[in-house]
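Read-outs throughout are calculated quantities, based only on the coordinates presented, and are distinct from any laboratory measurement. Please read all numbers here as calculations on a predicted model, not as lab measurements. Neighbour counts run over all protein chains shown; Cβ positions are idealised from the backbone, glycine included.
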Amino acid sequence: MTASLHDQYISHAMACPGCHAPTARYCDQGKALWVEYLVDYIMSQPDRATRRALMVTEKRQNPHLFPLLNEKVRAQLGE
């Protein structure tokens, strides 16, 4: 996982009054950083089963953000 993605996401989420990470509420920039960070983490997993399990968890926990995440992961996989 890229440390700079983590740092960018955390720095933004902590400073932005429009972002509230514990409830998955983000401004547009925060949402983009969250998705980029999470895609990087998911794609760093060594096997498909783990990646799929992470996607299922995100779909359940953050259904309002999942479509964007799913789109970006599929693009990374070339689907």
* Structure fact -> Scanning the stretch 24-36 for residues that are closer than 13 Å to GLN76 by Cα and not hydrophobic (A, V, I, L, M, F, W, C) gives GLU36
* Those residues of the stretch 13-34 which are touching a Phe, Trp or Tyr at 6+ places or on another chain (Cβ under 9 Å) and part of a helix (DSSP H, G or I), in sequence order -> ALA13, ALA21, GLY30, ALA32, LEU33, TRP34
* To do: Look at the stretch 1-32 and say how many of its residues are touching a helix residue (DSSP H, G or I) at 6+ places or on another chain (Cβ under 7 Å) and hydroxyl-bearing (Ser, Thr, Tyr).
  => 3
* Among the residues of the stretch 54-79 satisfying the criterion of being within 11 Å of the chain's Cα centre (by Cα) and in a loop (DSSP other than H, G, I, E, B), which is nearest to THR23 (Cα to Cα)? -> ASN62
